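Okay, structure first, notes after.
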Amino acid sequence: MQKLMKFYTCALAAALIIQSIGSALAAQTAEIKMPLSGDLVPAPFGYEPISGNYAVAHSTAVYISPYIWAGKVLGVEIQANQPVQILAKVKDFKWLLIGNNGIPLGYVPLSAVSQVK
């Protein structure tokens, strides 16, 4: 009886540990789903959260797609040292979704921005 009780106790402890680790891993890879306006192309594998304050390191255009350089958001270019609002990082790509007051504007390459304090 004691062996059976120890087995159930160990099984319950293992289940609790696996459950807590699983939810922590899921929180790290949670996708951000947001409506995109206009001609913006959704990221192929979704988005990842990103935090911090960023500014454009060098002048850059804003693109409609996170994986094709071709399409630009017409009339939008961000000047060097201009702060930008980063809404999300594109999952599995080095692109950031930027916006204005929480509304998606387009994509910029990760290499075009730098984190500021």
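The values are calculated or read from the model by the stated rules, or taken from the named source; none is laboratory data. Nothing here was measured: the structure is a model prediction, and the numbers come from that model. Reconstructed Cβ throughout: ideal geometry from the backbone, glycine too, with neighbour counts over all protein chains shown.
Out of everything in the stretch 37-66 that is over 18 Å from the mean Cα position of the chain (by Cα) and of a type outside the set (G, A, S), what residue ends up being nearest to Q115 (Cα to Cα)? Step by step, filter the stretch 37-66, then rank; the result is H58.
Please go through the stretch 71-109 and give me each residue that is among the polar types (S, T, N, Q), surrounded by 12 or more Cβ atoms within 10 Å (Cβ to Cβ) and at positive phi, ordered by number. Passing the criteria: only N81.
Pairing residues of the stretch 29-56 that are under 15 Å from N100 (Cα atoms) with residues that are at pLDDT 85 or above and of a type in the set (S, T, Y), at Cβ distances under 7 Å and at least 6 apart in sequence or on separate chains, gives Y54/S114; A55/S114.
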